[in-house]
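This report refers to the structure that appears directly beneath it.
The values are calculated or read from the model by the stated rules, or taken from the named source; none is laboratory data. What you are looking at is a predicted structure, and each value in this text was computed from that prediction instead of being measured. No Cβ is skipped: glycine too gets one built from the backbone with ideal geometry, and neighbour counts run over all protein chains shown. To get the accessible areas, we keep the full protein, side chains included, count just its heavy atoms, and leave off ligands, DNA and RNA. Shrake-Rupley method; radii C 1.70, N 1.55, O 1.52, S 1.80 Å.
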Amino acid sequence: MKKPKIIDFFNREYKGPKTSIIIMSCLGGISYTLMVFVVNQAAKLASSVNPEMETRLFFMFFCVCAMIVVIQRYTMTRTTIMAESTVRKVRLRLLEKLRRTELQFLEKINRGDIYARIAQDTDSISLNATGAIHTLDSVCSSIGLLLYAAFISMTGFLLILFLVSVLALVFMLNYRSIVKKLSSARMKEADFFDALNDTLSGFKEIKINTKKSDALFEDIVILSDETKQLKIDAEFKSNKNIVLSFLLYEGLLAAVVFLLPILSSAQATTVIQLVSVMLFVYSMLYGIVSSVPVVLNMNAAVDNLERLETKLDSFETFVDISPADTIDAFQEIELHNVSFQYVDEAEATLFQAGPIDLRIQQGDVLFIIGGNGSGKSTLLKLLTGLYFPLAGGRVALDGRTVTRDTYQSYRELFSIIFTDFHLFHKLYGLDLIDDNHVRHLLEEMDIHHRTGYKDKGFTNIDLSTGQRKRLAYIAALLEEKPVYVFDEWAADQDPVYKKLFYEKFLDDMRAMNKTVIAVTHDDSYFDRADRIIKMEEGRVTQVIK
């Protein structure tokens, strides 16, 4: 049987004191052995009158019990600190890598898998670490008790050792099967979380389509049933080990009580002492066998976390920048022969955008038009640096090609409101905010009666889609970026704010020499643009000036 992965995990991730936990656990095992020794010695004196010895043994028993309590408190406290420190470190590292990865990674990976790994698997390690350390206590105690049994009777020790070895063999035969089923169950749970995300994110769609709702729920039921069955099978095998251990223990008791006197000239006191040892050994072995599912769950959690981190590490990231590298202004952005492909798992092309050639001057107001699936959103992602173009294409800023080393700096030019935008509770990344200016913008957007500004955030974001877009517009204005990208921002606005957007907001942007790129279908306002780019089948088919 291989060394549990959870051991390597803590050795690798936790830099605090671990040796002391192991030493104290071993001392705990020795303490249990001493306690059995004291109990046996006291039992020997039960029929004699020796107050001085009985007092001495009672004091020893008290000291051993106190030692066990102190050791257990220490190991549990240190294990909790180790587990929580490690979980915090791993969670933050994964989230750090996640925020530094690329959009394509998030578009390809199962998001339910991310939720399950960072939340559920780290929780499994955190909650079970203290229980797992008791396994070490139990192992040390079992070894100590077996050595004490050898001191009492070598024949009895060999008999007990043989039957314990049979128990270990039975456990190992079921070990791999349990691991496999638990790992499969966790993968199914990731699919379940993904289906849950579909339920929440697509609630409007399933609410108006009963067939879609029923089919999704049926899929969830199937995933739940498969997960349940895998866990039941794993638990059944684990329980089978426990039952077998109990049966072997019964056989061990019978062997010591009935067989040992035949195999050796063991006296009654020797048999009684071995039986007392076995009573403690059984509790230790039961603890070991019962902890197997705990350790296996932790191993499976470590496997899943390592797989997620491997995926994150395998996906290329761009170089980070410092605030000093931020670009505040530019003269021209150029897309030259830029293309991008969406591919399936077999690397077959599903859709290609490009090649696209486009020049944007600072202060331009550019409209992008086209039907669904024409490539408008892909163009925006290429333009803003969220997608890196295929080989042969390049994005240039003021004549200089944007490389992978300068891509993040290039991205800092843009403030974007996509159709699937996310509205944060707080205005992250803005250090100096004029509270009165924010309140003025809320009044200008006519949402001051629905939400306010406090502690660098909006007091309420549970608003209509149009109102949320107005909040997103306020947040974008406060960023004061050179380029503003609006992906059908006016689509969910009432006529008053649609008109304000095209006739006032765009003029305000022009006055500030801001560049505006807007995806729109509002042809009655096309005259407000300096240029109109028409997209069809992933290509720019027309430029209207």
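Full extension of the segment from residue 210 to residue 314, taken as 0.36 nm per residue of separation minus the current Cα-Cα distance, would add 33.4 nm. Between residue 424 and residue 73, the simple spin-label model (points 7 angstrom out along Cα→Cβ) gives 4.5 nm.
Fully extending the segment from residue 119 to residue 437 would add 110.6 nm, taking 0.36 nm per residue of separation and subtracting the current Cα-Cα distance. Loop-located trypsin sites (Lys or Arg not before Pro) in segment 404-510 (DSSP state other than H, G, I, E, B) with a sparse environment of at most 13 neighbouring Cβ atoms within 10 Å: 404.
Calculate the FRET efficiency for residue 492 and residue 348 from the Cβ-Cβ distance with a Förster distance of 25 Å, rounded to the nearest 0.05. Efficiency for this residue pair is about 0.10. Applying 0.36 nm per residue to the separation of residue 166 and residue 98 and subtracting their alpha-carbon distance, the gain on full extension is 19.8 nm. Note on segment 5-40 and segment 326-373: Cα centroid distance 60 Å, given to the nearest whole angstrom.
With protein chains left intact and a 1.4 Å probe, residues in the chain average 53 Å² of accessible area per residue. Each of residue 536 and residue 503 was given a label point 7 Å from its Cα along the Cα-to-Cβ line. The distance between the two points is 3.3 nm. So, R0 is 45 Å and r is the distance between the beta-carbons of residue 219 and residue 60; what FRET efficiency does that work out to, to 0.05? Rounded to the nearest 0.05, the efficiency is 0.10. Each helix, a run of at least 4 DSSP H residues, gives -39500 (n - 2.57); summed and divided by the residues of the chain, these come to -20500 deg cm²/dmol at 222 nm.
Within the accessible area of segment 1-42, the carbon and sulfur atoms contribute 72%, probe 1.4 Å, all protein chains present.
A Förster radius of 30 Å, combined with the Cβ-Cβ distance separating residue 158 from residue 44, puts the computed FRET efficiency at roughly 0.80. Between the helical axis of 210-254 and the longest alpha-carbon principal axis of the chain there is an angle of about 20 degrees. Rounded to the nearest angstrom and listed largest first, the equivalent-ellipsoid semi-axes of the chain from its Cα gyration tensor are 69, 25, 21. Projecting the alpha carbon convex hull of segment 410-492 along each direction and taking the average yields 5.4 nm². Of all the stretches in the chain, which is the longest one without any exposed loop site, taking GluC sites (Glu not before Pro) in a DSSP loop (any state but H, G, I, E, B) with at most 13 other Cβ atoms within 10 Å? No qualifying site falls inside 1-315, the longest such stretch. Under 8 Å for C-alpha pairs, at least 6 residues apart: give me the relative contact order for the chain, rounded to a whole percent. Result for the chain is 15 percent. Need one number: % antiparallel among DSSP beta bridges in the chain, to the nearest 5. Within the chain, antiparallel bridges account for around 60 percent of the total.
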